[in-house]
2 protein chains.
Amino acid sequence: MDLGIRIEKALDVALTKAEGADCPPGLAAALRYAVFPAGHRIRPRLVMAVSEACGGSDPDAADAAAAAIEFLHCASLVHDDLPCFDDADERRGKPSVHRAFGQPVAVLAGDALIVLAFETIARGVPGDARKLGGLVRLVGQAVGAPAGICAGQAWESEPTVSVAAYHRAKTASLFAGATAAGALAAGADPLAWRDLGERLGEAYQVADDISDIAATSEQTGKTSNRDSLLGRPNVAHEMGLDEALALLDRTVVEAIAAVPVCPGQAQLRAAILLETKRFLPAGLVRTAA
Amino acid sequence: MDLGIRIEKALDVALTKAEGADCPPGLAAALRYAVFPAGHRIRPRLVMAVSEACGGSDPDAADAAAAAIEFLHCASLVHDDLPCFDDADERRGKPSVHRAFGQPVAVLAGDALIVLAFETIARGVPGDARKLGGLVRLVGQAVGAPAGICAGQAWESEPTVSVAAYHRAKTASLFAGATAAGALAAGADPLAWRDLGERLGEAYQVADDISDIAATSEQTGKTSNRDSLLGRPNVAHEMGLDEALALLDRTVVEAIAAVPVCPGQAQLRAAILLETKRFLPAGLVRTAA
């Protein structure tokens with residue numbers, strides 16, 4: 001089955017359990033609204049691609065890890081958009097969850113997606129304590145404290161910030177969790193795969209900075225120029241667009257070089273080259289050139 | 001070791017990992033502030049007491065399950081106190097987390113505590129896939145959607161609410177998760193232990209309703225009369241204080257009768273009688289009599 005179809009199916013199956021008959025209708029609707037229709041699904045595609053490159057011996061574990069990583073990404077977007085953070089009205093080209101369902105349900109939908117992520121892993125890896133425990137810890141490390149997404153977001157409330165630590169925690173941690181989880185799902189050593197994820201996270205951050213200053217809201221589905229509005233560091237703003245595009249290319253090349261030896265190394269390198277083109281919205285590179 | 005001391009130690013050890021060197025100082029401080037100093041620790045004490053009654057064969061698993069349940073309870077309090085929900089200024093006799101650290105850090109502290117709960121279970125149950133997977137699923141069911149704490153809280157945003165479903169999800173689900181997790185930690189059948197937890201959750205809810213109308217803020221460490229201020233159902237308001245106190249007694253007796261056959265059945269029954277006295281703040285019963 002095509003990886004993209006597998007991801008949507010895994011997300012749908014897991015979400016259906018959370019929407020059970022007892023669920024308050026507003027919460028159930030908000031959960032589905034936060035996850036569908038699909039964004040680029042960059043992180044779960046990465047989980048799946050790495051798992052396949054490592055032999056793909058346990059598709060259920062890969063599906064579960066991919067869905068968990070996407071649920072956590074969606075949860076972070078829902079909370080990140082809240083008025084006390086970015087106060088974003090739009091996400092993926094439609095009203096943000098708190099705009100559509102109100103703040104209380106948005107907070108709870110984020111919470112419930114975090115919980116659902118871990119439940120999904122537990123359901124997908126029933127018989128292997130080392131793999132199950134490892135996936136829970138890897139994914140937890142990528143999103144919690146001291147150095148996951150929550151920590152990255154919390155740096156925005158600190159008076160002094162290390163930009164490198166901020167981006168590493170807020171963006172690269174989930175990419176590193178995705179590559180490590182994909183490897184572990186297939187029985188490979190997760191530690192060897194973190195470096196690839198971190199470099200892809202850096203590339204994504206550069207692309208996101210470029211999009212923020214050079215793309216329109218129609219192209220990204222979210223508000224443009226947020227970084228300067230919110231006083232956040234933006235590498236494309238600091239070094240200029242051409243330099244930033246060159247940095248993006250270099251970081252992608254380094255990421256491709258960091259793919260560990262594995263049965264599907266050549267295919268994975270090709271897939272990463274293709275996927276990273278989707279880091280920038282369609283039409284942006286031409287517009288910026 | 002005394003169960004109370006074991007709980008505080010398990011919470012401290014797990015929290016120390018989340019506060020690692022890379023953690024933004026505000027987030028690290030908010031996490032500790034949300035968990036310490038101790039509240040009554042009713043739910044983790046219940047995990048421990050059930051695990052001991054079932055033979056206490058795996059103290060690490062019991063410690064992990066107890067800490068996870070308390071982290072999730074604390075997370076729910078932090079988010080529940082936010083301005084978009086109860087807008088509570090105080091909790092456990094001190095400013096609520098968002099009053100002390102601001103809303104962004106409060107949202108993130110709640111998120112990070114949810115993640116930490118699952119990481120703690122994974123660390124405490126390294127070698128038993130059935131037990132680890134079961135604990136993650138039990139705990140997830142108690143707090144997420146469709147019928148855990150998040151769902152309970154989300155009922156407050158619905159135009160029509162089943163009061164029974166609301167209380168079952170918002171309060172009883174975590175008690176049922178606590179008894180089931182305590183049993184599973186010790187290798188017993190978790191399903192047989194849910195009924196006890198649900199009845200204790202009902203008793204706790206009745207006690208909470210009584211406290212809300214009859215206790216002072218000094219006695220409870222939180223704002224009194226919240227239910228009538230927020231238009232929520234309150235059984236003590238509806239049936240009167242004396243009837244509500246009688247209902248509390250009856251529910252406790254039913255809970256005690258629901259303790260399954262186990263090696264420590266008699267001691268657990270005695271412990272539950274003692275613990276449920278702490279459901280009402282000290283001095284309240286005398287004041288109300």
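What's the buried accessible area, both sides, between B and A using a 1.4 Å probe, rounded to 100 Å²? Show your work: numbers first, answer last.
Working: alone 12950 and 12960 Å², together 21920 Å².
Approximately 4000 Å², summed over both chains.
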Where only alpha carbons of the stretch A:3-288 are counted, the Rg and the Dmax (Å): 18.0, 53
Amide proton proximity set for A:Glu90, modelled H, under 5 Å, gap of 5+: A:Ser96, A:Thr223
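What is the percent carbon and sulfur in the accessible area of the stretch B:126-204, measuring with a 1.4 Å probe over the protein chains and ignoring ligands?
Numbers: 1350 of 2530 Å².
Accessible surface attributable to carbon and sulfur in the stretch B:126-204 totals 54 percent.
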So for R0 = 60 Å, FRET eff. of A:Ser162-B:Thr216 from the Cβ-Cβ r, to 0.05, ends up at 0.85
With one decimal in nm and the nearest listed first, the spacings from A:Ala266 to its own position in the other copies, using label points 7 Å along Cα-to-Cβ, are 7.5
Spin-label pair A:Ala257/B:Leu273, simplified geometry with 7 Å Cα→Cβ offset, distance in nm: 7.4
Taking the label point as lying 7 angstrom from Cα along the Cα-to-Cβ axis, what are the distances from B:Ala29 to the corresponding position in the remaining copies, in ascending order and in nanometres? 4.1
If you average 1/r over every pair of different alpha-carbon atoms in the protein assembly as shown and take one over that average, what Kirkwood value in Å do you get? 24.3
If you plug each phi of the stretch B:24-32 into the Karplus form 6.51 cos²θ - 1.76 cosθ + 1.60 with θ = phi - 60°, what whole-Hz ³J(HN,Hα) values come out, in order, with x for Gly and Pro? x, x, x, 5, 4, 5, 5, 4, 5
Using θ = phi - 60° and the Karplus curve 6.51 cos²θ - 1.76 cosθ + 1.60, what whole-Hz ³J(HN,Hα) does each residue of the stretch B:204-210 get, with Gly and Pro shown as x? 4, 5, 4, 4, 5, 5, 4
How large is ³J(HN,Hα), in whole Hz, for each residue of the stretch B:108-116 in order, when computed from phi with the Karplus curve 6.51 cos²θ - 1.76 cosθ + 1.60 and θ = phi - 60°, using x for Gly and Pro? 5, 5, x, 4, 5, 5, 4, 4, 4
In nm to one decimal, list the spacings between the B:Ile5 label point and its equivalents in the other copies, with label points set 7 Å along Cα to Cβ, shortest first. 6.1
SASA check, A:Arg168, accessible area w/ 1.4 Å probe, all protein chains in place, rounded to nearest 10 Å², comes out at 130
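The values are calculated or read from the model by the stated rules, or taken from the named source; none is laboratory data. Only a predicted model underlies this, so the values are computations on that prediction, with no experimental measurement involved. Positions of Cβ are generated from backbone atoms using ideal geometry, with glycine treated the same way; all protein chains shown enter the neighbour counts. Please note that ligands, DNA and RNA were not included when accessible areas were found on the heavy atoms of the full protein model with its side chains. Shrake-Rupley method; radii C 1.70, N 1.55, O 1.52, S 1.80 Å.
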